[in-house]
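S.K.: The structure under discussion is supplied below as structure tokens; questions concerning it will follow.
The values are calculated or read from the model by the stated rules, or taken from the named source; none is laboratory data. Computed from a predicted model, the values in this text were never measured in an experiment. Each accessible area value is taken on the protein alone, full model and side chains, heavy atoms only, with ligands, DNA and RNA left out. Shrake-Rupley method; radii C 1.70, N 1.55, O 1.52, S 1.80 Å.
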Amino acid sequence: MHAAFKDYLTQKALVKDKYIPFYLKWVSDCCAFLNAVDSAIINSDQTNKFLKYLAKTHEDWQVRQAGNALRLYSYYLSSLEKKASIKSAESENEWNLLETQTREALRLRHRSYSTEKTYIAWLRSFRGYVYDIKPSQLTSGNIQDFLSYLAVERKVSASTQNQALNALIFVYRHVLEKELGEKELNAVRAIYKRRLPVVLTLKEVHAIFDHLSGVQRIMAMLTYGCGLRLQECLSLRIKDIDLEQSIVMVRSGKGDKDRRTILPESLKDDLIAHISEVRGLYDQDREKGIHGVYLPGALEKKYPNAGKEWAWFWLFPSQSLSVDPRTHTVRRHHMHPASLQKAFKSAVTKSGITKQASVHTLRHSFATHLLESGYDIRTIQELLGHTNLQTTMIYTHVAAKNVLGVRSPLDK
């Protein structure tokens, strides 16, 4: 058994050769401690019992290494037990019902459509993994194995693994009505790697703007000038732009939070001209009797005609009508993200910039340039809408100006 597990560690888990003997030793020691055969799956309680015993005589890093070895071993054995089987019609019906109930639970809690698509995608992936297990038979151990599979087999990032965990916790808690404890957290976790954001210089930002035109140019300038996320920019309504007070209201941003940010003075003339053009499209929709725009939450039921009001119309409406995927209503939605993403990528290439820049890079550049200009980190945090200051602090690592005022000894 250990020979096969050794091959698994090398080929699938990609454990370095110098650590493999230690991984095998921890598994053998645990089996001896539990008086168990080496082919028996070691559950979470047994693992914790052994690790507590180990902690009395070993250093912390050894205990962590042993814990990781046992989690890999448990996942390895459980994967061997999976056997191909034909799904019954009853199992298929249960999974289809679970997917429908998950959609209903998400909409009941007013989760965004993008969240709904992501959660359903993870539920389907989880369904494919457990295969022959019915939803009524699912346990927290199935999540533990699935998360380990994502880390070991699919080599996903830590953020992707956490996204999958959040999706499945929602299904277990709100649909299956099962509470999850610490067991699923004992899965093999993907290694978190901190990446510094890509930041453009002021010269590079304006070079990109020079290769953009029309609506895409206004959207890019607004994204940079206000520090917006792409979806926040696309979701802006006419009422969210306050030209007089130079304020942009961001409604239902990340985490379903509202915030205020600054409106660049240099963009006002372009926005006034753009809003005038959008008004023509709005009047055209009203003349043709087209349904009003999508309204968040229960506003559409509370105020049936609000979607037809000018204030609620999109700042960046699509030129074509589309079908609402939830209500199947034909209406005008905002522009598709790809419209700006493609134009931005082309502008970056034409500018001769070699950085891996995307539309979101404009938001990173906004924060970094404010920091370099001497603005308070708390102010930048509020403008970006970050809950945790540590998230904003990452820009101190990419600011061109040394905010700590440290001078290299080489410069003396």
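S.K.: Can you list the HN-Hα couplings for region 116-125, worked out from phi with the Karplus curve (6.51, -1.76, 1.60; θ = phi - 60°), rounded to whole Hz and with x for Gly and Pro?
M.R.: 4, 5, 5, 5, 5, 4, 5, 5, 5, 5
S.K.: Let me ask you something else. Accessible area of the chain with a 1.4 Å probe: how many percent of it is carbon plus sulfur?
M.R.: Ligands and nucleic acids excluded, carbon and sulfur reach 51 percent.
S.K.: May I ask for the angle, rounded to the nearest 10°, between helix 140-152 and the longest principal axis of the chain, with both axes built from Cα atoms and the value confined to 0 to 90°?
M.R.: 80
S.K.: Just to verify a number: what accessible area does SER79 come out at with the full protein assembly present, 1.4 Å probe, Å² rounded to tens?
M.R.: Accessible surface of SER79 is approximately 40 Å².
S.K.: With θ set to phi - 60°, apply the Karplus curve 6.51 cos²θ - 1.76 cosθ + 1.60 along region 62-70 and write out the HN-Hα couplings as whole Hz, x wherever there is a Gly or Pro.
M.R.: 6, 5, 5, 5, 4, x, 5, 4, 5
S.K.: Once you've got the GNM for the chain with C-alpha springs shorter than 10 Å, pick whichever of GLN163, GLN101, GLN245 has the biggest mean-square fluctuation.
M.R.: GLN245
S.K.: Could you tell me the accessible area of TRP314 in Å² (1.4 Å probe, neighbours in place), rounded to the nearest ten?
M.R.: Solvent-accessible area, nearest 10 Å²: 10 Å².
S.K.: Turning to a different aspect of this structure: Counting only heavy atoms of protein chains, what accessible area per residue, in Å², does the chain have with a probe of 1.4 Å?
M.R.: Averaged over the residues of the chain, the accessible area is 56 Å².
S.K.: Just one of (i) 78, 74, 35; (ii) 62, 59, 33; (iii) 92, 76, 42 is Cα extents along the principal axes in Å calculated from these coordinates, so which is it?
M.R.: (i)
S.K.: Right, something else. Need one number: % antiparallel among DSSP beta bridges in the chain, to the nearest 5.
M.R.: Taking every DSSP beta bridge with both residues in the chain, the antiparallel ones total about 90 percent.
S.K.: Taking the chain as the reference, fit the longest principal axis to its C-alpha atoms, fit the long axis of helix 2-11 to the helix C-alpha atoms, and give the angle between the two in degrees, 0 to 90, nearest 10.
M.R.: With rounding to tens, the tilt is 20 degrees.
S.K.: As a test of the formula, what do you get for the chain when each DSSP H run with n ≥ 4 contributes -39,500 (n - 2.57) and the sum is divided by the residue count, at 222 nm and rounded to the nearest 500 deg cm²/dmol?
M.R.: -17000 deg cm²/dmol
S.K.: Kindly sort VAL198, VAL171 by accessible area of their heavy atoms, largest first, with the probe set to 1.4 Å.
M.R.: The most accessible residue leads, giving VAL198, VAL171.
S.K.: Continuing with this model, one more query. Here are some pairs, LYS301/LYS345; LYS257/LYS301; LYS134/LYS254; which of them have Cα atoms lying more than 28 Å apart in this structure?
M.R.: Among LYS301/LYS345; LYS257/LYS301; LYS134/LYS254, the Cα-Cα distance tops 28 Å for LYS301/LYS345; LYS134/LYS254.
S.K.: Going by amide H atoms built from the backbone, whose H comes under 5 Å of the H on HIS291, apart from near neighbours?
M.R.: none
S.K.: In percent, what relative contact order does the chain have, based on Cα pairs under 8 Å that are 6 or more apart in sequence?
M.R.: Relative contact order here is 13 percent.
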